[in-house]
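Below is one structure. I have some questions about it.
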Amino acid sequence: MTSHQHWTFGDTSLQRVIESEGPLLSPFEIFPDCTQAHLDANRHWLKPRFQDGPDGLLVIAIQSFLIRRNGLTILVDSCSGNDKEARTRPQFRRAQWPWLERLAETGVRPEDIDIVLCSHLHVDHVGWNTRLDNGRWVPTFPNARYVFGKTDYDHFLAVDRDPQKGPAIGGALRDSVLPIVEAGLARMVDGAQAIEEHISIEPSPGHTPGHFVIKLDSQSSKAFFCGDVIHHAIQIYQPHWNSFACLDQVAARKSRRKLLEDCAGSGALLAPTHFGAPHLCHIDHKGEGFTPRFA
């Protein structure tokens, strides 16, 4: 391990590309089961890395992971994107993040990306799939295969077509997913399967119907990219906590427990999309629960 930004293990290089990171959400908003007593009991490790600011907001990162191995360049999740008008939360609306500049700092151009893996189709995981070009949404990564969960796609497409419920995902289906499908760059996947040698996906439904975890197996090292199965480090201690955005509460808890068990049992690194620094961690069993050991 070389830094909080760049990791190497086996024959694989892993970097994160940050869109934003800082105090963002009230713990009581994102986790309905959270109480002040929970926060007080965990204050010794929560502050200031994972909870900060005068309002006690949880530190949330929105970031992508860049995997390079065997000549392939793979992007895991694509954050929220720029210029997106149809968004519910103001921080995502018409944003101007320097994400492309940060990608360039890794030595990677958009046309160098071979595969984009979207763990699920929420706004902050698909946004940089497209960029605005003369009033049109065009693929940001023109040479990539974009991997979408078919269950998620079918679910949100049905929502989008329902005049009482659409547009789906705060408009993200229309500006960040459908243009990829129309360009012929989408690969719809369903169920557990290999994407490339040593890279596979495994269904982890609950947060969304078609959410999947991405598993990397590099020589003797493993890493699991968890998307929104886990939002914040406190859920490692409280794995029964769901976020307000989890559609199927029972399935979300089951997927989270399975992920933590798999990490603890295999020694895999957990690579969370939304943890603030120090980001990657190993998971150990502790009694009936779990505890993180940050890399």
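Every read-out reported here was derived from the displayed coordinates using simple, explicitly stated rules and does not represent laboratory data. In this text, all values refer to a predicted model and were calculated from it rather than measured experimentally. Cβ atoms come from the backbone with ideal geometry, glycine included; neighbour counts cover every protein chain shown.
With label points built 7 Å along Cα→Cβ from the Cα atoms of residue 100 and residue 70, find their separation and express it in nm.
3.1 nm
With labels modelled as points extended 7 Å from the Cα through the Cβ direction, what inter-label distance (nm, one decimal) is found for residue 245 paired with residue 174?
2.0 nm
Then there's this: Would you look at the GNM of the chain, springs on alpha carbons closer than 10 Å, and say which of 66, 178, 58 moves the most?
Residue with maximal mean-square fluctuation among 66, 178, 58: 178.
Rule-of-thumb check for the stretch 1-107: C-alpha Rg over 2.2 N^0.38 Å?
1.29
With the Cα gyration tensor of the stretch 6-294 in hand, give its eigenvalues times 5 under a square root as the equivalent ellipsoid semi-axes, listed largest first in whole angstrom.
Values: eigenvalues 151, 102, 72 Å².
Working from the Cα gyration tensor, I get semi-axes of 27, 23, 19 Å.
How much length, in nm to one decimal, is gained on full extension between residue 154 and residue 261, taken as 0.36 nm per residue of separation minus their Cα-Cα distance?
Here the answer is 35.6 nm.
Please enumerate, by chain and number, the lysines with C-alpha under 30 Å from the C-alpha of residue 165, excluding those fewer than 8 residues away in the same chain.
84, 150, 254
Residue separation times 0.36 nm, minus the C-alpha to C-alpha distance between residue 138 and residue 294: what's the value?
Contour length minus the Cα-Cα distance gives 52.4 nm.
So if R0 is 45 Å, what FRET efficiency would residue 282 and residue 182 give, r being the distance between their Cβ atoms, rounded to the nearest 0.05?
0.60
How many Å³ per residue does the convex hull of the Cα positions in the stretch 179-241 occupy?
Here the figure is 120 Å³ per residue.
Further question: Report the extension gain between residue 192 and residue 254 in nm, rounded to one decimal, defined as 0.36 nm multiplied by the number of residues separating them, less their alpha carbon distance.
20.7 nm
What percent does the relative contact order of the chain come to when contacts are Cα pairs within less than 8 Å and at least six residues apart? Before the final figure, lay out the partial values.
Working: 626 pairs, mean separation 47.1, N = 295.
So the answer I get is 16 percent.
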